[in-house]
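Engineer: Please see the structure below; I have some questions.
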Amino acid sequence: MSTSLFDLKGKVALVTGATHGLGMAMARGIGQAGAILIINGNSSNEKIDKAVAIFKSEGIKAFGYRFDVTNEDQVQKAIARIENEVGIIDILINNAGIIKRTPLLEMEVTDFEQVIKVDLVSPFIVSKAVVKGMIKRKSGKIINICSMMSELARNTVGAYAAAKGGLKMLTQNMCVEWAPYNIQVNGIGPGYFATEQTKPIRVEGHPFNEFIVNRTPAGMWGDPDELQGAAVFLSSKASDFVNGQILYVDGGILATIGKPSNE
Ligand code: GCO
């Protein structure tokens, strides 16, 4: 099998929330596979500029655009600018997301709505703006970053699970509506990875840290770079007949009900 199946040379790829963490790792993977990388952030221009400089230092052609993925007007204007300044987007990775770990009974409705807005509504907003160019071209790849919480619940992450569960179904609906235009829409479901987002529950001795190491058949937290293969696969020709699927990269968590801690 030729590696050209996984070659992204010349493809324009937008990764939202790619100034750090899993987004940055996946962006690096598709950039190293040849994609022209466009990263989005909404924190600060310097954070975006810093990430772009890192990618450029690694030989990746990269551009940075700051916009709020939950704001439809900003998204539409940004996508028009990107299409004008870089090119029509071939690959979209909807990665931007937040989490608020609060028991449902204590969670403010405004906080619940904010998580839904960023983690579920924004992939819809950004995809709707980007897919027009893909439909015109009759070609495109959209990858929604789901979660273990697209399949399983856990206490204190109710809003996040509702969003990520919804994102799994939104992925399937995008597949159904856009597959006729040769657009493949899939998801990646990361397990538990060593990132800033999981730092608070990953500290040595934290009960959750022990729990995850025990709950993951691979017996460890994932390294964000271990998501790069799935991102390249779902962005490339190699997945042209894969549609509406969530590819879980989880060290085996979803394969097991777990094991007694003393085993
Ligand atoms: C948590 C974690 C998870 C992971 C990831 C798992 O609090 O349980 O933050 O949500 O980040 O989403 O797939």
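Engineer: For the chain, give the percent of accessible area contributed by carbon and sulfur heavy atoms, probe 1.4 Å, rounded to a whole number.
Structural biologist: 55 percent
Engineer: To continue, here is another question. How many angstrom lie between the C-alpha centres of segment 88-103 and segment 19-82?
Structural biologist: 13 Å
Engineer: So what is the relative contact order of the chain, in percent, for Cα pairs below 8 Å that sit 6 or more residues apart?
Structural biologist: Working: 513 pairs, mean separation 53.0, N = 263.
Across the chain, relative contact order equals 20 percent.
Engineer: Right, here's the next one. Return the loop-located trypsin sites (Lys or Arg not before Pro) in segment 132-215 (DSSP other than H, G, I, E, B) with at most 11 other Cβ atoms within 10 Å of their own Cβ; answer none if there are none.
Structural biologist: Working: sites: K132, K136, R137, K138, K141, R154, K164, K168, R202, R215; in loops: K138, R154, R202.
Those satisfying the criteria are K138.
Engineer: Please name which of I116, Y248, I89 has its Cα lying farthest along the dipole of the chain towards the positive end, using unit charges on Cβ (Lys, Arg +1; Asp, Glu -1) and the Cα centre as origin.
Structural biologist: Among I116, Y248, I89, the one farthest towards the positive end of the dipole of the chain is I89.
Engineer: To the nearest 0.05, how large is the calculated FRET efficiency for E58 and K132 if R₀ is 51 Å and r is the Cβ-Cβ distance?
Structural biologist: Numbers: r = 31 Å, r/R0 = 0.61.
So the FRET efficiency works out to roughly 0.95.
Engineer: Mind pulling the per residue volume of the convex hull built on the Cα atoms of segment 1-74? Å³ is fine.
Structural biologist: 93 Å³
Engineer: Further question on the same structure: In a solvent-free Debye calculation with one equal scatterer on each Cα, what is log10 I(q)/I(0) for the chain at q = 0.14 Å⁻¹, listed in the order of the q values?
Structural biologist: For the requested q values the scattering log ratios are -0.95.
Engineer: Using 1/(1 + (r/R0)^6) with R0 = 35 angstrom and r between the beta carbons of M107 and S4, what's the FRET efficiency to the nearest 0.05?
Structural biologist: On the way: r = 48 Å, r/R0 = 1.38.
Approximately 0.10, to the nearest 0.05.
Engineer: In addition: Over 30 Å between Cα atoms: which of K47/K164; K100/K136; K11/K100; K47/K237; K47/K138 fall into that group?
Structural biologist: K100/K136; K11/K100; K47/K237; K47/K138, as the Cα separations exceed 30 Å there.
Engineer: Only sites in a loop by DSSP and with at most 14 other Cβ atoms within 10 Å count here; which GluC sites (Glu not before Pro) in segment 40-110 make the cut?
Structural biologist: Here the GluC sites (Glu not before Pro) that fit, given the DSSP loop and packing criteria, are E58, E108.
Engineer: Within segment 26-46, whose backbone N sits under 11 Å from a point 7 Å along Cα→Cβ of Q74?
Structural biologist: Counting only backbone N, you get 41-45.
Engineer: Oh, and also: Using +1 at the Cβ of each Lys and Arg and -1 at the Cβ of each Asp and Glu in the chain, identify which of T16, L104, T156 lies farthest towards the dipole's positive end.
Structural biologist: The residue sitting most towards the positive pole is T16.
The values are calculated or read from the model by the stated rules, or taken from the named source; none is laboratory data. Just so it is clear, the structure is predicted and the values come from calculations on it, not from any experiment. Neighbour counts are summed over all protein chains in view; Cβ atoms, including those assigned to glycine, are modelled from backbone coordinates with ideal geometry. Only protein heavy atoms, including side chains, enter the accessible area calculation; ligands, DNA and RNA are left aside. Shrake-Rupley method; radii C 1.70, N 1.55, O 1.52, S 1.80 Å.
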